[in-house]
Amino acid sequence: MRLSAVLAAARLPPGYRHGTWPPDTAAAQRRNPPGQRRRRVVVEPIGSEEWKVFQGDTVQVLSGKDAGKQAMVTQVVRARNWVVVEGLNTHYRYINRTAKYAGTYIASEAPLLLSQIALVDPEDRKPTEVQWRYTEEGERVRVSLRSGRIIPVPLQPRRDGIVPEQWIDGPKDTSVEDAMKKTYVPSLKTFEEEIMDAMDIVETRKAKKSYWY
């Protein structure tokens, strides 16, 4: 676990209830005001080494009104064993509703539990159980128990939404070579002396004698 995730978990107040919003966002803080005690939600613990569903996976819904439909996972909330599937398990709600404005009626995707979905086997496009195994090269991969085919883990975006493996540098981006280039040579001179050397300034003044006693 990264240090930032440990510090974020340490800052959460007692009784904090996780939702689809990250804990450091304003929407999550409005849903968990300071001093409010909420009923504890019991979640089956799943270790990070045993987690098998990631953002970008294609899954099939096993129960509910959308049972049998397949779509892509757009969000994963590990603290609640939730996944949000694109276009499925939707409900309608109003946003930006005020006393003078009726608001906008939109469709919102509600999260599903891990027990309500299953990964889709790319071999026959049917739901399957998966298991973590190791290849001969020592790589840890997900393997379908139906066909034995490897299901690769999709490329995961960072918190800012950027996928590092797919990023293309633009004209204003600093290249790796420029960032790693050594441009500073340490010396025993002060900052002012380095500026004087760079600008060819010669010090002709003489300091007066000072006595500290």
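For this structure, a couple of remarks:
- The residue list Ser63, Gly103, Val163 was ranked by how far each Cα lies along the charge dipole of the chain toward its positive end, using unit charges on Cβ atoms, and Gly103 comes out on top.
- Whether the chain is rounded, prolate or oblate, judged on the alpha carbon gyration tensor where a/c under 1.5 counts as rounded: prolate
- Our estimate of slack between Gln55 and Arg158, defined as 0.36 nm per intervening residue step minus the Cα-Cα distance, is 35.9 nm.
- Principal axis box of the stretch 29-129, alpha-carbon based, largest edge first, Å: 54, 32, 21
- The chymotrypsin sites (Phe, Trp or Tyr not before Pro) of the stretch 14-115 that DSSP puts in a loop, and whose beta carbon has at most 14 other beta carbons within 10 Å, are Trp51, Tyr101.
- Just the protein heavy atoms count here, and of the accessible area of the stretch 1-141 at 1.4 Å, carbon and sulfur take up 51 percent.
- Charged side chains reduced to their Cβ positions (Lys and Arg at +1, Asp and Glu at -1) give the chain a dipole of some 1620 debye around its Cα centre.
- Estimated 222 nm signal from helices in the chain, with DSSP H stretches of n ≥ 4 weighted -39500 (n - 2.57), rounded to 500: -3500 deg cm²/dmol
- Taking a straight line from the alpha carbon of Lys126, these aspartates and glutamates sit under 17 Å away, with near neighbours fewer than eight places off in the same chain left out: Asp57, Asp66.
- Residue-wise HN-Hα couplings along the stretch 31-48, as the Karplus relation 6.51 cos²θ - 1.76 cosθ + 1.60 with θ = phi - 60° gives them from phi, are 7, 10, x, x, x, 8, 9, 10, 4, 5, 9, 8, 10, 5, x, 10, x, 5 Hz; Gly and Pro carry x.
- Annotation: amide H-H contacts under 5 Å for Trp82 (H modelled 1.01 Å from N, sequence separation of 5 or more, or interchain): Val77.
- Accessible surface computed residue by residue for the stretch 84-190, with neighbouring protein chains in place and a 1.4 Å probe, gives 79 Å² per residue.
- Longest site-free stretch - the chain; sites: GluC sites (Glu not before Pro), DSSP loop, at most 13 other Cβ within 10 Å: 140-202
The values are calculated or read from the model by the stated rules, or taken from the named source; none is laboratory data. Owing to the predicted nature of the structure, the values given are computational and were not obtained by experimental measurement. So basically every Cβ, Gly included, is an ideal-geometry build from the backbone, and we count neighbours across all protein chains shown. Remember, those area values only see protein heavy atoms, side chains included, never the ligands or the DNA or RNA. Shrake-Rupley method; radii C 1.70, N 1.55, O 1.52, S 1.80 Å.
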